[in-house]
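Engineer: The following block contains the structure, expressed as structure tokens.
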Amino acid sequence: MGRRQRPRERDCAAQGARRHCRRADPLVSSRPAWWLAARHLVCMLKKMGEAVARVARKVNETVESGSDTLDLAECKLVSFPIGIYKVLRNITDQIHLITLANNELKSLTSKFMTTFCQLRELRLEGNFLHRLPNEVSTLQHLKAIDLSRNQFHDFPEQLTTLPALETINLEENEIVADVPVEKLAAMPALRSINLRFNPLNAEVRVIAPPLIKFDMLMSPEGARAPPP
């Protein structure tokens, strides 16, 4: 037999069901805890199904229109769907912009980087990324990358190997030190890097300005990002 729910667990399940399903059933507060938990699960599965359908629709739109953009923003993705590689296998070279903004990604694979090596722009803001695979160095045509509102503690130094990269956005991460200022200064196309609302240490703030030939945005020490 399965493990019986403890009273506290039943209460949590009931609270979750009320949050997600109250509008659908005004009498939900009078239902027993097991019913509320089951209803909560149904609501969650329905939302997951809607997210999958949204991804499929957007991928099909890209294929049918011959667009150079793949927009999978706000699709509740925890990883990049491997099925997309097969669907787009004949047009990957024409994809120049991918947005995966505001999902729940914790990492990207090396296959993602090597498959979409013709990218000009990559938008990954609003995820849970803390590193990039080494294969990001294959993005030799990339001009802009947005990594704001993620969980980077270290500067993704692989980006300094990209000859066409013009803008890097790392706003609202957790970067403290080890910003490779000299390597950034040697990048031929770099025009701007955004490090606002990172807890940068004093050394980075002092060393950076004399060396750089591009715009380097930093917030005043101790500044916090505004609430979303």
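The values are calculated or read from the model by the stated rules, or taken from the named source; none is laboratory data. None of these values were measured; they are calculated from a predicted model. Note that each Cβ is placed from the backbone with ideal geometry, even for glycine, and that neighbours are counted across all protein chains shown. In case anyone asks, the SASA skips ligands and DNA or RNA and just uses the protein heavy atoms, side chains included. Shrake-Rupley method; radii C 1.70, N 1.55, O 1.52, S 1.80 Å.
Engineer: Among the numbered criteria (1) under 22 Å from the mean Cα position of the chain (by Cα); (2) modelled with pLDDT of 70 or more; (3) loosely packed, with under 11 Cβ neighbours inside 10 Å, which one does GLY49 miss?
Structural biologist: Tallying (1) under 22 Å from the mean Cα position of the chain (by Cα); (2) modelled with pLDDT of 70 or more; (3) loosely packed, with under 11 Cβ neighbours inside 10 Å, GLY49 fails exactly one: (2).
Engineer: Also, I was wondering about something else. Identify, by number, the condition in (1) more than 30 Å from ALA225 (Cα to Cα); (2) modelled with pLDDT of 95 or more that LYS143 doesn't meet.
Structural biologist: All conditions pass for LYS143, except number (1).
Engineer: Got a sec? Which strands (runs of 3 or more DSSP E) wholly within segment 105-192 have at least 2 residues that are more than 17 Å from LEU217 (Cα to Cα) and either touching a His at 6+ places or on another chain (Cβ under 7 Å) or open to solvent by 10 Å² or more (accessible area, probe 1.4 Å) (or both)?
Structural biologist: Filter on segment 105-192 gives 121-123.
Engineer: Output the residue which, of all residues in segment 70-86 that are outside any loop (DSSP other than H, G, I, E, B) and open to solvent by less than 80 Å² (accessible area, probe 1.4 Å), is farthest from GLU50 (Cα to Cα).
Structural biologist: TYR85
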